[in-house]
Amino acid sequence: MMAIRSIMVLALLMGKTTAFLPPNNSFSPSPTSLTERSNTRTSLSMTAQQSYNKVFLAGASRGVGNCLLKTLVAEGIHVVALVRSPEVLETLNAIEGVTAILGDAFDYKSVEGAMDGCDAAISTLGGSMSKGDGSGDDAPTKVDYTGNSNVIEAAGILGVTRLVLLTSIGCGTSKEAAPPAVFDVLAPTLKAKEKAENLLIKYYTNMNWTIIRPGGLKSEAATGKAVLSDDCLAIGSIHRQDCADLVAKALTSPKTERQVLSAIDPSIIAAVNPDARPITEFALS
Ligand SMILES: NC(=O)c1ccc[n+]([C@@H]2O[C@H](COP(=O)([O-])OP(=O)(O)OC[C@H]3O[C@@H](n4cnc5c(N)ncnc54)[C@H](OP(=O)(O)O)[C@@H]3O)[C@@H](O)[C@H]2O)c1
């Protein structure tokens, strides 16, 4: 099922629907919708600042995702948050400008149902495993890949072409930035996140994606001094609110289209960067 869905997403993105899709399938777009999608894609690339009205957010219950929810709402953006606890659902639904929907990121249909009608998607998912005893088909899988791949696939199926994925320094090209001891401890998580990055980079070539890799996260007040950088060796720390603010800025900046950026606060002296290696800032405008 997963494989069929992946083929359909690829076919949709490559505009080869008739060749790949089985007859009578419910995901087949009309020729008009494909044309509209490609026109939207062109105009998005050419406008100075992009704007989004309704943004799907996975990971909004806490951490960077929760900071981001508040930042986006303050900017007048309606946020559709996928959450898995009834208590969080109630809390978030009490915020004006938020629609919280109960669902688990491991369940593809929950993700697709919540994202339907949104014009951009963001995932800050992390930290959890699916149920399982660690063996055979029931082996636990990390939300860092499975949850994120559901978000990516749903965006592809629904034609939500703007997607921001929060991963981590240590993934992919930034492996060398992480001190070996840190990398070793986080390896399973980093590899799962990297797999999600690669899914997006290699197969969703017609989407307007941005990957943001934060350094070590801290829950302290924003400094306002954090930056994005395309230096894949950049390393350091960042406060969650600053990270959220950078994600919100990156969402609307056309310069971040198909960019992989690290998020770091050079004003924080981090143990992983004791020499305060200079960081080149990526210009968002
Ligand atoms: N900690 C660090 O120093 C560090 C460094 C670099 C990157 N990162 C990454 O940055 C991101 C944000 O980290 P954070 O520490 O601020 O947030 P976090 O505490 O890791 O929050 C993760 C979010 O994902 C949600 N989530 C997890 N599994 C889910 C599922 N199956 N279905 C729906 N939602 C699910 C959680 O919801 P629940 O409340 O329901 O669990 C929570 O909202 C994460 O991807 C993290 O791995 C962290």
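Listing for the model above:
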{"quantity": "Residues of the range 154-176 satisfying the condition of being of a type in the set (Lys, Arg) and in a helix (DSSP H, G or I)", "calculated": "Lys175"}
{"quantity": "Residue in the range 198-208 that is surrounded by 23 or more Cβ atoms within 10 Å (Cβ to Cβ), touching a residue at least 24 places away in the same chain (Cβ under 8 Å), hydrophobic (A, V, I, L, M, F, W, C) and within 11 Å of the ligand (Cβ to nearest atom) present", "calculated": "no"}
{"quantity": "Among (1) in contact with a strand residue (DSSP E or B) (Cβ under 7 Å, 6 or more places away or on another chain); (2) part of a helix (DSSP H, G or I); (3) loosely packed, with under 15 Cβ neighbours inside 10 Å; (4) not aromatic (Phe, Trp, Tyr), the one test that Gly117 misses", "calculated": "(2)"}
{"quantity": "Qualifying residue in the range 75-88 (condition: of a type in the set (Asp, Glu), modelled with pLDDT under 95 and assigned to a helix (DSSP H, G or I))", "calculated": "no"}
{"quantity": "The range 168-197, residues that are away from the ligand (no atom under 13 Å from the Cβ) and among the charged types (D, E, K, R)", "calculated": "Lys175, Glu176, Asp184, Lys195"}
{"quantity": "Condition met for Val185 (among the hydrophobic types (A, V, I, L, M, F, W, C), over 19 Å from Gly147 (Cα atoms) and modelled with pLDDT under 95)", "calculated": "yes"}
{"quantity": "Residue check, Val151 in a strand (DSSP E or B) and surrounded by 21 or more Cβ atoms within 10 Å (Cβ to Cβ)", "calculated": "no"}
{"quantity": "So Thr71, is it part of a helix (DSSP H, G or I), more than 11 Å from the ligand (Cβ to nearest atom), among the hydroxyl-bearing types (Ser, Thr, Tyr) and modelled with pLDDT of 95 or more", "calculated": "yes"}
{"quantity": "Qualifying residue in the range 75-84 (condition: within 8 Å of the ligand (Cβ to nearest atom), over 21 Å from Leu200 (Cα atoms), in contact (Cβ under 8 Å) with a residue 12 or more places away in the chain and surrounded by fewer than 21 Cβ atoms within 10 Å (Cβ to Cβ))", "calculated": "yes"}
{"quantity": "Criterion (over 29 Å from Asn53 (Cα atoms) and not charged (D, E, K, R)) met by exactly one of Cys243, Cys232", "calculated": "Cys232"}
{"quantity": "Identity of the residue in the range 209-231, at negative phi, assigned to a loop (DSSP other than H, G, I, E, B) and away from the ligand (no atom under 14 Å from the Cβ), that ends up surrounded by the most Cβ atoms within 10 Å (Cβ to Cβ)", "calculated": "Asp231"}
{"quantity": "Whichever residue in the range 232-285 is within 14 Å of the ligand (Cβ to nearest atom) and acidic (Asp, Glu) and, among such residues, is surrounded by the fewest Cβ atoms within 10 Å (Cβ to Cβ)", "calculated": "Asp245"}
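The values are calculated or read from the model by the stated rules, or taken from the named source; none is laboratory data. The shown structure was predicted, so the numbers you read here are calculated from the model rather than taken from an experiment. Backbone-built Cβ (ideal geometry, glycine too); neighbour counts: all protein chains shown.
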